[in-house]
Amino acid sequence: MPEPTAPVCSIVGVLDDGWDGLGATARQRIDTAACVIGAERTLALIAPHAPAARLLDMDGALSRVPGWIEEVSGQGGHTVVLATGDPLCHGIAGFLIGKLSAARIEVLPAPSTLQLAFARLKKPWQEARFTSCHGADAGEWRADPLQPGPTPEHGLYRLVRAVAEHPLVASFTSPANSPDRIARALLAAGYGEPGGGEDLRLSVVARLCLDDEAVFEGLSLHEAATRRFPEPNILVIERSHSPERRDGAAAGRETATAADVALRALPADTPLFGLDDLDYVQRSPEKGLITKLEARAVSLAKLALRADSRVWDIGAGSGSVGLEASRIARHGHVWAIEKNAGDAANARANARRLRASNYSLHEGKAPAGLDAWPDPDAVFIGGSGGELGELIALALRRLRAGGRLVMNFVTLENLATATSALAASGAAWDVTMLSAARSQPILDMHRLAAQNPVWIVTARKETA
């Protein structure tokens, strides 16, 4: 049996009480270290207790840290890397283990600052979802209704998506990506609006373990969005439901104007998919320009979405298919395009009401702009603007291996164009004709009223 590899580096968790908060083992490692590496603020706390060690500031130099450790190890020395709290919770330990191997790393954690934040708030934390935006300046989360929504590259994306999925979220922050900016991002994503049947409350725990430690508990989004908080800090976001407001949001739906509906957030417990047609803002007075629930449900099933799917929605209309796809692909993203300005405005209103922070709507005529989108796992074409053949060829070319292309048609001409284009491409495809009828009252009885038949065409990209 081979001898175990001796650690060449100890990663020591440090809180803002510095040396006083360290255990005996952590102090011994620092006492005997040939090199101590840390961020400037943390290094300053420990430097007086490591007078013989070489001190290296890793701010802006993270990629160089493994090389520094190897250099010290080659000279027979041991390195201590200082981290904040628990180095394995959104910390540097995972990075260094990946570079140097677990056998060569020793981890000596302090209590996580997330754990301490919940202790100060006196709240259980075993159900919390942890995330971090402790990085480069992410910029404000855009609320411009004429621009597509942020995509997964945005620095606040993971946090906003975590709030969409979990009632309790805790996050590391940074001076740029601060609690006030996060509150504004959540407001821009559609939270904090009337009729949503829920209430988001933010708590900020700042300056942990210092004499001026401060706790700001239970702030509304609007309160938090307009104030600055002491640094550093931890943010806790809680979502609670209000049954009275949830019931009130549904009341009067049929008589509300489109403007009223557009301002009303849908409840957080809205079904994953299969929303009623009347839950969507639609073009008025021309009601009905929407993929009906029955065709929507079958089309979504044909798309075969995963939780992390990347989806294109071409000819988004009121947004019903793409928005429900975004709820199924909750860890993925939907890129949608719509050429009609009125329909695009309705799709934006629907996205805001559903707080669809993983949905980006572009106003324009496909295929213009699609070359900038990432390759999709699934493509839905609800409208083609006369470019159907070109869009089919583009979708099949860009689809990832095993991906699906699903199209809805109500005219024979478009069906013929689609099947001809698919046959020419050599793609495997099939057609489902969906003919549904809904019950309607007649006197004291009910009859069935037929909807227009819809052809649902599905093509598959061969797996690699």
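The values are calculated or read from the model by the stated rules, or taken from the named source; none is laboratory data. Computed from a prediction, not measured in an experiment: that's the story for all the values here. Ideal geometry is used to build each Cβ from the backbone, glycine not excepted, and the neighbour counts take in all protein chains shown. Just so you know, the surface numbers come from the protein's heavy atoms only, side chains and all, with ligands and any DNA or RNA stripped out. Shrake-Rupley method; radii C 1.70, N 1.55, O 1.52, S 1.80 Å.
Solvent-accessible area of Tyr359, probe 1.4 Å, all protein chains present, reported in Å² to the nearest ten, please.
10 Å²
If you line up the long axis of helix 293-303 against the longest principal axis of the chain, both from Cα atoms, how many degrees apart are they, to the nearest 10?
Tilt of helix 293-303: around 50 degrees.
What figure, in Å² to the nearest 10, do you get for the accessible area of Arg355 with a 1.4 Å probe and non-protein molecules left out?
Roughly 20 Å² of Arg355 is accessible to a 1.4 Å probe.
Note the listed values [x] 4, 18, 23, 20, 16, 12, 6, 2, 0, 0; [y] 5, 23, 33, 26, 11, 2, 0; [z] 4, 19, 31, 29, 14, 2, 0, then indicate which one is P(r) over Cα pairs in 10 Å bins from 0, in percent calculated from this particular structure.
Correct label is [x].
Calculate the FRET efficiency for Leu62 and Ser220 from the Cβ-Cβ distance with a Förster distance of 35 Å, rounded to the nearest 0.05.
0.45
To the nearest 0.05, how large is the calculated FRET efficiency for Arg27 and Ala304 if R₀ is 51 Å and r is the Cβ-Cβ distance?
Values: r = 56 Å, r/R0 = 1.10.
Efficiency, rounded to the nearest 0.05: 0.35.
For Ile97, Ile392, write out the residues from largest to smallest accessible area, computed with a 1.4 angstrom probe and no ligands counted.
Output order, biggest surface exposure first: Ile97, Ile392.
With every protein chain left in place, what is the accessible area per residue of the chain in square angstrom, probe 1.4 Å? Numbers along the way, then the final one.
Details: 21400 Å² over 464 residues.
Ligands and nucleic acids excluded, the figure is 46 Å² per residue.
By how many nm would the segment from Leu55 to Arg207 lengthen if fully extended, with 0.36 nm per residue of separation less the alpha-carbon distance?
Numbers: separation 152, 0.36 × 152 = 54.72 nm, distance 2.47 nm.
Separation in residues times 0.36 nm, less the Cα-Cα distance, equals 52.2 nm.
In nm, what is the difference between 0.36 nm times the number of residues separating Ala449 and Ala34 and their Cα-Cα distance? All intermediate terms of the calculation are to be shown ahead of the outcome.
On the way: separation 415, 0.36 × 415 = 149.40 nm, distance 8.20 nm.
Taking Ala449 through Ala34 to full extension adds about 141.2 nm, to one decimal.
Report, in whole Å, the centroid distance computed from the Cα atoms of the stretch 440-457 and the stretch 1-55.
73 Å
Of the accessible area of the chain, with the probe set at 1.4 angstrom, what percent is carbon plus sulfur? Before the final figure, lay out each step's value.
Values: 11510 of 21400 Å².
Carbon-and-sulfur percentage of accessible area, whole number: 54.
Using the Cα centre as the reference, give the magnitude of the dipole from point charges on the C-beta atoms of the stretch 304-430 (Lys, Arg: +1; Asp, Glu: -1; all else neutral), rounded to the nearest 20 debye.
Dipole magnitude for the stretch 304-430 comes out near 520 debye.
At 1.4 Å probe size, put Arg397, Arg283 in order of accessible surface, largest to smallest. Mind dumping the intermediate values first?
On the way: Arg397 160, Arg283 60 Å².
Descending order: Arg397, Arg283.
Could you grab the relative contact order for the chain? Cα pairs under 8 Å, six or more apart, rounded to a whole percent.
Details: 941 pairs, mean separation 48.5, N = 464.
For the chain, the relative contact order is 10 percent.
Figure the gain on full extension for Trp19 and Met433 (residue separation times 0.36 nm, minus the Cα-Cα span) and round it to one decimal in nm. Spell out each step's value before the answer.
On the way: separation 414, 0.36 × 414 = 149.04 nm, distance 7.18 nm.
The span from Trp19 to Met433 would gain 141.9 nm if fully extended.
Work through the residues other than Ala307 whose Cβ is under 13 Å from its Cβ and net out their charges, Lys, Arg +1 and Asp, Glu -1.
+2
What order, most packed first, do the peptides 226-232, 302-308 have when packing is the mean number of other Cβ atoms within 10 Å of each residue? Could you put the intermediate results ahead of the total?
Working: 226-232: 13.4, 302-308: 16.9.
So the order, starting with the most tightly packed, is 302-308, 226-232.
Given Cβ point charges of +1 (Lys, Arg) and -1 (Asp, Glu) and nothing else, what value in debye, to the nearest 20, does the dipole of the chain about its Cα centre take?
Details: 48 positive and 54 negative charges, 165 e Å.
It comes to approximately 800 debye.
Give, as ranges by residue number, the residues of the stretch 439-464 whose backbone N falls under 16 Å from the point 7 Å along Cα→Cβ of Leu415.
Those under the cut-off are 451-459.
For Glu71, what is the net charge nearby, where nearby means another residue's Cβ is under 11 Å from its Cβ and Lys, Arg count +1, Asp, Glu -1?
Combined, the nearby Lys, Arg, Asp and Glu give +1.
Between Asp199 and Ala423, what FRET efficiency follows from the Cβ-Cβ distance if R0 is 45 Å, with the result rounded to 0.05? Before the final figure, lay out each step's value.
On the way: r = 54 Å, r/R0 = 1.21.
Result of the calculation: an efficiency of 0.25.
Taking H as built 1.01 Å from N, whose amide H comes closer than 5 Å to the amide H of Gly192, not counting residues under 5 places away?
Leu200
Where nothing but the Cβ of Lys and Arg (+1) and of Asp and Glu (-1) is charged, how large is the charge dipole of the stretch 79-183 around its Cα centre, in debye to the nearest 20? Please report the intermediate quantities before stating the final value.
On the way: 10 positive and 9 negative charges, 53 e Å.
Dipole about the Cα centre, nearest 20: 260 debye.
As a check on your grasp of the helix formula, calculate [θ] at 222 nm for the chain: sum -39500 (n - 2.57) over DSSP H runs of n ≥ 4, divide by the residue count, round to the nearest 500.
Details: 15 runs with 139 residues, N = 464.
After summing the helix terms and dividing by residue count, I get -8500 deg cm²/dmol.
Can you give the net charge of the other residues whose Cβ lies under 11 Å from the Cβ of Ala183, counting K and R as +1 and D and E as -1? Write out the running numbers ahead of the final one.
Numbers: positive: Arg181, Arg184, Arg201, Arg227; negative: Asp180, Glu223.
After counting each charged neighbour, the total is +2.
Please go through the residue pairs Lys99/Lys461; Lys99/Lys123; Lys302/Lys365 and name each one whose alpha carbons sit more than 27 Å apart in this structure.
Working: Lys99/Lys461 37 Å; Lys99/Lys123 36 Å; Lys302/Lys365 25 Å.
Long pairs (Cα-Cα over 27 Å): Lys99/Lys461; Lys99/Lys123.
Find which of Leu399, Trp373, Gly383 sits farthest along the positive direction of the dipole of the stretch 367-413, computed with +1 on the beta-carbon of Lys and Arg, -1 on that of Asp and Glu, about the Cα centre.
Leu399
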